[in-house]
Structures are given as C-alpha cells and as structure tokens.
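What follows is a set of notes on a single structure, which appears directly below.
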Ligand code: UTP
C-alpha cells in the first residue's frame with residue numbers, strides 16, 4: 001500500500017554560507033533510493049539565506065510581516081533548489097498547502113517552502129501531513145533530539161528517545177523563552193501533531209543515514225513524539 005511521509009528539512013542543512021549542494025545530493029539520493037511504495041512531502045526551511053536577509057532588513061527597520069515574506073521567499077528558493085535534484089517532483093513551488101496536496105497526487109516528491117507570515121516551515125510541514133493524511137512527520141533539523149532541558153545550559157539534560165505530545169509541548173514552551181535557532185520544533189506544529197495524532201521524529205538531519213533508517217523503519221536515532 002502507498003504511504004506518504006512528510007519531512008521538514010531544516011534550512012540550516014541546505015543553506016549554510018552558500019548552498020550546500022553536497023548535502024542536497026546526499027538527501028536526494030536517500031529519497032530516490034527509498035522503497036517505491038513511499039511518497040514524500042518535503043518542506044524546506046530558509047537557513048542562512050533567510051537569516052542574512054532578515055537580519056540586514058531588521059537592522060534597517062523593516063517590519064516583521066515583510067521580514068516573514070522575505071523568509072518565505074528564501075524557503076521557496078531552497079525548495080526549488082532541492083526539487084531540481086529529484087526526479088518525479090514538482091518544478092513549480094506551491095504557495096499553499098492546498099496546492100501542495102493537489103501536487104502530491106501527481107508527483108512522488110512534492111517539495112515546498114513556507115506559505116504565509118506568522119509561522120515556520122515546521123508548521124507548514126505538519127499542516128501538509130494533516131491535510132494529506134500522512135501519519136509520520138520527520139523533522140530533520142540541527143539538533144539530534146528532544147532533551148529534558150537545554151543541554152548547552154544544563155549538564156544534567158538527558159535526551160528523550162520517546163515522549164508524548166504534552167511533554168514535547170511543555171519542553172517547547174520552556175525552550176521558547178529566549179529562543180535561539182536550536183528549538184527542536186515549533187509549538188504550533190506540535191499542537192497540530194497532537195490533534196491529528198501524527199508521529200513525529202526529531203532527528204539530526206545532517207546525518208542522512210539516520211533519515212534513511214527512519215524512512216526504512218530500521219532505526220530511530222533521535223526522539224519520537226507520539
Ligand atoms: P524557517 O521555517 O526556516 O524558520 O523559515 P526557522 O525555523 O526560524 O529557521 P531554520 O530553518 O530552523 O534555520 C525562515 C523564516 O521564514 C519565515 C519566518 O520569518 C521564518 O523565520 N516564514 C517561513 C514564514 O513567515 N512563514 C512560513 O510559512 C515559513
């Protein structure tokens with residue numbers, strides 16, 4: 001039976017000081033080599049491209065709504081860059097989850113970025129998962145899982161291999177006080193996961209072997225929220 005997995009691909013994996021072609025190739029080959037009965041929705045973040053533009057424009061006094069629009073454009077550039085490495089994927093980046101859901105009936109790989117101001121691509125990925133009935137979302141990100149506390153500040157912090165939605169939400173709330181780039185997932189996305197019972201893998205996306213293992217059901221390597 002056909003199954004769809006949604007991946008939120010952290011922008012920092014794709015867009016570093018330049019575009020990380022080596023990573024994009026590696027990630028694409030994991031997807032292309034996955035079992036043929038699997039389809040994917042991939043939502044790409046903005047990474048350094050978004051960050052440099054947003055920082056410069058914020059310093060110049062540009063308002064937050066426009067900064068979000070700038071970020072969204074960056075995510076769409078990264079999405080288009082990724083889709084050009086995947087056969088059987090859309091080459092026009094959808095601007096809404098609706099449109100992406102329609103494309104997912106045509107293509108094996110549906111690639112998109114952000115949609116509108118006020119949230120991040122984690123939320124877009126979760127909305128897409130909910131919309132197309134995917135019951136697994138992989139958050140391939142810059143942290144390697146969910147910790148009981150911020151491991152950079154608290155040496156007693158432990159990584160949780162399994163946790164429930166409410167615990168994840170509680171940790172995300174406490175992390176979001178003074179948030180930096182290392183929050184494991186956005187709060188809205190977690191609330192959507194909870195209401196639709198979507199299983200979430202939080203994994204260090206820089207290690208594509210871990211992503212492949214999750215896709216193949218042969219390992220976890222991060223944290224599972226369910
Ligand atoms: P990201 O989803 O990459 O944000 O979108 P992030 O989580 O802050 O960054 P990384 O990927 O983990 O490093 C980049 C920016 O684009 C805007 C926001 O300003 C966000 O910070 N954005 C993105 C939106 O406003 N709406 C969207 O749907 C997506």
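Values as computed for the structure displayed
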quantity: Listed residues 27, 85, 184, most fluctuating in the chain (Gaussian network, C-alpha, under 10 Å); calculated: 85
quantity: Computed [θ] at 222 nm, helices only, for the chain once each DSSP H run of length n ≥ 4 contributes -39500 (n - 2.57); calculated: -13000 deg cm²/dmol
quantity: Gain upon complete extension [residue 162, residue 84; 0.36 nm per residue less C-alpha separation]; calculated: 24.6 nm
quantity: Choice from 123, 115, 52 showing the highest fluctuation, given a GNM over the chain with Cα pairs closer than 10 Å; calculated: 52
quantity: Gaussian network model of the chain, springs between alpha carbon atoms under 10 Å - residue of 152, 212, 58 with greatest fluctuation; calculated: 152
quantity: The chain - percent relative contact order, Cα under 8 Å, separation 6 or more; calculated: 23 percent
quantity: Gyration tensor verdict on the chain (Cα atoms; rounded if a/c is under 1.5, prolate if a/b is larger than b/c, oblate otherwise); calculated: rounded
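We did not get these values from a lab; they are worked out from the coordinates using the rules stated. In this text the structure is predicted, and so the values were computed from the model without any measurement.
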